[in-house]
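Input: a single structure, listed below in structure tokens.
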Amino acid sequence: MATVGSSATEAFEKFLKNYLPDAVNAPGALMAFVPDDTELFETITSAIGNTPLKNGYSWFCSRNSDSELIVGIMNTDQVFEAIAGEASIDFNSHFGAFQLSWKYDKGTAALWEQFTEDNIGKYVTVEINDRFIMAPKVNTAITSGGCAASDVLPETVNELFKDAIPIVKEIEETPVEIIEIE
């Protein structure tokens, strides 16, 4: 999270003023949620790509299933990097979006717990394979070793998992006895 008055904050405020005059800032975070629009998404993506930030900060821009663009700046000084041991995808037909769930191994789960404990009350950005997914506020330490991101668009899922190897759990067959009743 960037601090008020930093060059990253000033750049973001300038960006909002010039490109997103009706944007609403999420409290405590340098991000904005604005109505989704393909042309606006392309304009924002291009603009942030051409607006360098001070070392330790990076832009992010993404879409969600609520027809919003999420634009912001993340602090890259404190980074938690890990490889998930297992991931799954579930489709929520009510919202027309996917939920991604993943779980860390025992050792990584302990590191994730410490990271989330150290960041309670802060917004953290979650990227998978260098693609921004979400920026939730950490309300409590995550002790389960698992995480989930909801409202993920199908094109994001396709991009993230294009090289994934599916794991199919075989179900043990149980013979069924059929009894005819007269």
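The values are calculated or read from the model by the stated rules, or taken from the named source; none is laboratory data. Bear in mind that the values here come from a model prediction, so they are computed numbers and not experimental data. Cβ atoms come from the backbone with ideal geometry, glycine included; neighbour counts cover every protein chain shown. For the accessible areas, the whole protein counts, side chains as well, though only heavy atoms, and no ligand, DNA or RNA atoms are used. Shrake-Rupley method; radii C 1.70, N 1.55, O 1.52, S 1.80 Å.
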If you scan segment 128-139, which residues turn out to be touching a residue at least 24 places away in the same chain (Cβ under 8 Å), of a type outside the set (S, T, N, Q) and surrounded by fewer than 18 Cβ atoms within 10 Å (Cβ to Cβ)?
Arg131, Lys137
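Any idea how many residues of segment 145-182 are surrounded by 12 or more Cβ atoms within 10 Å (Cβ to Cβ) and over 27 Å from His94 (Cβ atoms)?
Counting residues in segment 145-182 that are surrounded by 12 or more Cβ atoms within 10 Å (Cβ to Cβ) and over 27 Å from His94 (Cβ atoms) gives 1.
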Looking only at segment 59-81, filter to residues that are closer than 30 Å to Ile165 by Cβ and hydrophobic (A, V, I, L, M, F, W, C); which one of those is modelled with the highest pLDDT?
Phe80
Within segment 88-103, which residues are closer than 12 Å to Ala148 by Cα and either open to solvent by less than 60 Å² (accessible area, probe 1.4 Å) or in contact (Cβ under 8 Å) with a residue 40 or more places away in the chain (or both)?
Ser88, Ile89, Phe98, Gln99, Leu100, Ser101, Trp102, Lys103
Unique match (being at pLDDT below 85, assigned to a helix (DSSP H, G or I) and small (Gly, Ala, Ser)) among Ala47, Ala109, Ala84:
Ala47
Taking Ile142 as the residue in question, decide whether it is part of a loop (DSSP other than H, G, I, E, B), surrounded by 10 or more Cβ atoms within 10 Å (Cβ to Cβ) and in contact with a Phe, Trp or Tyr (Cβ under 7 Å, 6 or more places away or on another chain).
yes
Provide a single number: the residues in segment 112-127 that are of a type in the set (A, V, I, L, M), open to solvent by less than 40 Å² (accessible area, probe 1.4 Å) and not in a strand (DSSP E or B).
1
